[in-house]
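J.: Can you read through this structure? Questions will come right after.
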Amino acid sequence: MEDESQINIFAALNFIRDKAPVYAKAKAERVYLEQFRKSKKALCMREAEINGHKTAAMQEREAYSDPEYMTLLNGLKEAVETEEKLRWLIVAAEARIEIWRTLSANQRAEAKNL
């Protein structure tokens, strides 16, 4: 965001404002993939049943080893990574704002005591 020795409150606020939509999209993608994973598993299990795997355990095994299911899991992994990175960047910006607030209050108190 900026030089670590300076706290620019407006840069922190702008960062949060600019990243909020990106974070929201990343979170939506993660939630969608988590929910779609259930549907994909069901679809894969149904395909396994059609292919002769009669028990639920056999169908589940086939579903979990399906290449498309594995691809979905990799996508979910990437979505979680993106969401968490953005979340912690926003938390860091919020912390900078809190530090600025504390420093400003301390400066006002010092000025008042002079």
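Laboratory data are not the source of any read-out in this text; all were calculated from the coordinates shown. All values reported here derive from a predicted model rather than from experimental measurement. FYI the Cβ positions are ideal-geometry reconstructions off the backbone, even for glycines, and counts take in every protein chain you see.
J.: Between the stretch 18-33 and the stretch 46-102, what is the C-alpha centre distance in whole Å?
T.: Taking the Cα centre of each part, the stretch 18-33 and the stretch 46-102 sit 13 Å apart.
J.: Helix 9-50 against the longest principal axis of the chain: what's the angle in degrees, Cα atoms only, rounded to the nearest 10?
T.: 10 degrees
J.: Right, something else. Mean residue ellipticity at 222 nm from the helices of the chain, using -39,500 (n - 2.57) per DSSP H segment of n ≥ 4 over the full residue count, to the nearest 500 deg cm²/dmol?
T.: -31500 deg cm²/dmol
J.: I've got another one for you. Counting other Cβ atoms within 10 Å of each Cβ, which trypsin sites (Lys or Arg not before Pro) in the stretch 17-113 have at most 10 and sit in a DSSP loop?
T.: Of the trypsin sites (Lys or Arg not before Pro), the ones in loops of the stretch 17-113 whose Cβ has at most 10 other Cβ atoms within 10 Å are 54.
J.: Here's a follow-up. Taking only the C-alpha atoms, wrap a convex hull around the stretch 11-113 and report its volume per residue in Å³ as a whole number.
T.: 96 Å³
J.: Let me ask another. Determine the dipole magnitude for the chain: charges of +1 sit on the beta-carbon of Lys and Arg, -1 on that of Asp and Glu, nothing else is charged, the reference point is the Cα centre, and the result goes in debye to the nearest 20.
T.: Once rounded to the nearest 20, the dipole reads 380 debye.
J.: Further, regarding this structure: What's the angle, to the nearest 10 degrees (0 to 90), between helix 67-113's Cα axis and the longest principal axis of the chain?
T.: In the chain, helix 67-113 runs at an angle near 10 degrees to the longest axis.
J.: Around residue 48, what is the net charge, scoring Lys/Arg as +1 and Asp/Glu as -1 over all other residues with Cβ under 13 Å from its Cβ?
T.: -1
J.: Nearest 10 degrees, 0 to 90: what angle lies between the long axis of helix 56-65 and the longest principal axis of the chain (Cα atoms)?
T.: That helix lies at roughly 60 degrees to the long axis.
J.: For an R0 of 41 angstrom, estimate the FRET efficiency from the Cβ-Cβ distance between residue 13 and residue 38 and round to the nearest 0.05.
T.: Between residue 13 and residue 38 the formula returns 0.60.
J.: What per residue convex hull volume, in Å³, do the alpha-carbon atoms of the stretch 61-101 yield?
T.: For the stretch 61-101, the hull spanned by Cα atoms encloses 44 Å³ per residue.
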